[in-house]
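Remarks on the structure that follows.
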Amino acid sequence: MKIFLSYASDDRERAHVIAEALRDEGHDVYPAANWPRDVVAAMKRAEAFVVLLSPAAVGSPYVNEEIKQALVSERFADRVVPVVLQPSPDIPWILQTMQPISAKPSAKTAAHMISKRLQRDRAADSSAR
């Protein structure tokens with residue numbers, strides 16, 4: 001699945017580890033060389049939106065704008081996955097209702113949980129049709 005990974009620049013190192021773990025799970029993850037550099041074009045190419053949440057992320061106007069775009073996009077219906085890198089009281093309430101995944105155990109475990117969530121939601125989508 002093509003996944004847009006949203007994160008704050010302060011979380012770049014952990015984001016790259018999670019992105020590699022998602023690639024190991026068979027996903028195509030933005031950012032990468034084969035994706036458009038333009039964020040809007042990249043979001044249009046993506047099939048799922050994963051946001052890494054931390055105090056830096058919830059304070060980032062860029063991450064917040066990407067979250068807003070994902071939440072109003074039909075293409076991401078049931079495919080917005082919040083992942084908590086570090087808890088923050090400022091995480092948007094709507095993301096808190098989406099059963100956030102904890103990145104605490106390991107990047108590999110978090111990536112596996114993200115994959116399972118996306119597969120479950122994809123299966124639910126196809127059975128609803």
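Since every read-out is calculated from the coordinates, none of them should be taken as a lab result. All values derive from a computational prediction rather than experimental measurement. Cβ atoms come from the backbone with ideal geometry, glycine included; neighbour counts cover every protein chain shown.
With unit charges on the beta carbons (Lys and Arg positive, Asp and Glu negative) and the dipole taken about the Cα centre of the chain, which residue among Leu118, Met43, Pro100 sits farthest to the positive side? So the residue we want is Leu118.
Shape class for segment 46-114, computed from the alpha carbon gyration tensor (a ≥ b ≥ c): oblate, with a/c not under 1.5 and a/b at or below b/c. Here each label is just a point 7 Å from Cα along the line to Cβ, and for Val17 and Asn64 those points are 2.8 nm apart. Screening the chain for DSSP H helices whose Cα atoms reach 20 Å or more along their own axis and whose mean Kyte hydropathy is at least 1.6 gives nothing. For a distance above 16 Å, tell me the whole-number percent of Cα pairs in the chain that qualify. Of all Cα-Cα distances in the chain, 59 percent exceed 16 Å.
Given the DSSP H assignment, sum -39500 (n - 2.57) over each helix run of at least 4 residues in the chain and divide by its residue total; what's the result at 222 nm in deg cm²/dmol, nearest 500? Intermediate results must be reported in sequence, preceding the final value.
Numbers: 6 runs with 62 residues, N = 129.
After summing the helix terms and dividing by the residues of the chain, the value is -14500 deg cm²/dmol.
For the residues Met43, Met98, what sequence is obtained by ranking on other C-beta atoms within 10 Å, fewest first?
Numbers: Met43 19, Met98 15.
The fewest-first ordering by Cβ neighbours comes to Met98, Met43.
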